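The values are calculated or read from the model by the stated rules, or taken from the named source; none is laboratory data. Predicted model, so just to flag it, every value in this text is computed and none were measured. Neighbour counts run over all protein chains shown; Cβ positions are idealised from the backbone, glycine included. Note: areas computed on protein heavy atoms with side chains; ligands, DNA, RNA excluded. Shrake-Rupley method; radii C 1.70, N 1.55, O 1.52, S 1.80 Å.
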Amino acid sequence: MDMLMKFWGLDLVALRGFVFSIFILNFVFSCQILLLQPLVSALDGQPSDAAALFERASQSIKVKKYSEALDDLNAAIETDPGLSEAYRHRASILRQLCRYGESEKSYKKFLEINPRNSAAEKELSQLFQAQSALDSAKTLFDSGDFTKALEYIDRVVLVFSPACSNAKLLKARLLLAAKDYSSAISETGYILKEDEDNLEALLLRGRAYYYLADHDVAIRHYQKGLRLDPEHSELKKAYFGLKNLLKKSKSAEDNASKGKLRIAVEEYKTALALDPDHIAHNGALEIDEELVEALVQRGEAKLLVEDWEGAVADLKSAAEKSPQDMNIREALARAERSLKLSKRKDYYKILGVSKTAPMSEIKRAYKKLALQWHPDKNADNRAEAEAKFQEIAAAYEILGDEEKRTKYDSGEDIDEGMGMGGGGFNPFGGGGQQYTFHFEGGFPGGGFGGFQF
């Protein structure tokens, strides 16, 4: 019995010692947790409470590090859902970034905690104004009212949402559309300073330099964008389009310098057609007007492409600068004659025959058209038919006569009122000259009032 008591006594002592040891170890572990947590948090850069997170977010806002600020504000709200100022700060940042839907939710959450807060209500009103102005600016841009759209962006959107990249990019597009290329370069420069890899800003800035004919700088912007995204469709289109334009322009300049004017003109036309709005570059393709020889060459080139008025203007300027040069005067006379011919009625076209058509073909074409447009056969549109029939008769009056046709082809004036489409010819009488028309075989079904066939 004594032995049993001793055994149990020893076990009780050991048990009490074991329990006490466990208590001490647990106490030490808890102290370590409490003491080390701030140190771990500090090493991780994460504050341990909502107030510290909120304070760090405020510092980030001051230096416009909005992404970091939003992360800390979200963490602060998660730590302390009742921290109302965190909602308001978050709403303000989201408004400045024009993330209007998220911003509105945060403002409303703040106002749930702080009802009728006038400052927050005012900011929420500004949010709605900015959102509406941005939508209006987009609509105006699509409709082509660039000036009004810019007013909405500058006076409303960027006042209440100064960090809105979408609004800044839209402003750059508007400036490009309004042909204010220098301002577009400045605007996209601000965007790239904040985000050097912004593909749309690189594209828009490249286009602005392109339209200022600063092609090397434009290409560098396109190339940088394509290094970031080789499959970007708009950047690829802009880059390869510019390379093609420069290739065509260089070839045209080379041929012009070699005196191959016909080839040069065609290549100039091709280059200009690639982008008719590229005024700075297209203007650079023009020849120096102060050089007489250059004016003559350009005038001759315009004759080749049937730009009669342009040819006359250039050759007239050259003749004024060198009035004794008979070659220039002869070239000017050819251009003026071509211009005069271009303004008269094309009787071959009226009859639908070629300029080399034989007389038999001209007669057949005339007979067919006269049948088709005789007024007695067009009672429903008699006025139009009379006009057409008069035009057809005038054409045949010239082309059906070998002598008159020869004069017409050489550009000579024929009887007044005929060769230049005047109003003296009238096959229906009314005080004018009377005409009798004869066709071999007659018209099917007999004659028509007053005309002999």
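Observations
- Computed FRET value (nearest 0.05) for V305 with D195, which takes r as the C-beta separation and R₀ as 41 Å: 0.30
- Heavy-atom accessible area with a 1.4 Å probe sorts V159, V292, V353, largest first, into V159, V292, V353.
- Between the range 105-122 and the range 331-381, the Cα center-to-center distance that results, in Å: 81 Å
- The simple Förster model, with R0 at 56 Å and r as the Cβ-Cβ distance, assigns K407 and N166 a FRET efficiency of 0.20.
- Based on protein heavy atoms only, the range 52-123 ends up with 54 Å² per residue of surface accessible to a 1.4 Å probe.
- On the range 343-391, 48 percent of the accessible area sits on carbon and sulfur atoms, based on a 1.4 Å probe.
- Counted residue by residue at 0.36 nm each, then reduced by the alpha carbon distance between them, the extension gain from A213 to I113 reaches 30.2 nm.
- Value of relative contact order over the range 142-280, rounded to a whole percent, pairs C-alpha under 8 Å and six or more apart: 14 percent
- Within the assembled protein chains, the solvent-accessible surface assigned to E234 is about 70 Å², based on a 1.4 Å probe.
- D72, D145, reordered so the largest accessible area comes first (probe 1.4 Å): D145, D72
- With all protein chains modelled, accessible area of Y268 [1.4 Å, Å²]: 50 Å²
- Remark: accessible surface ordering of R116, R298, R329, R99 (largest first) is R116, R329, R99, R298, probe radius 1.4 Å.
- Heavy atoms of L212 accessible to a 1.4 Å probe, total area in Å² rounded to 10: 80 Å²
- Here the label points at A52 and E151, each 7 Å from Cα along the C-beta direction, are separated by 5.3 nm in the simple model.
- Under 16 Å from the Cα of K168 - aspartates and glutamates, other chains or at least 8 residues apart: D135, E151, D154, D180, E187, E194, D195, E196, D197, E200
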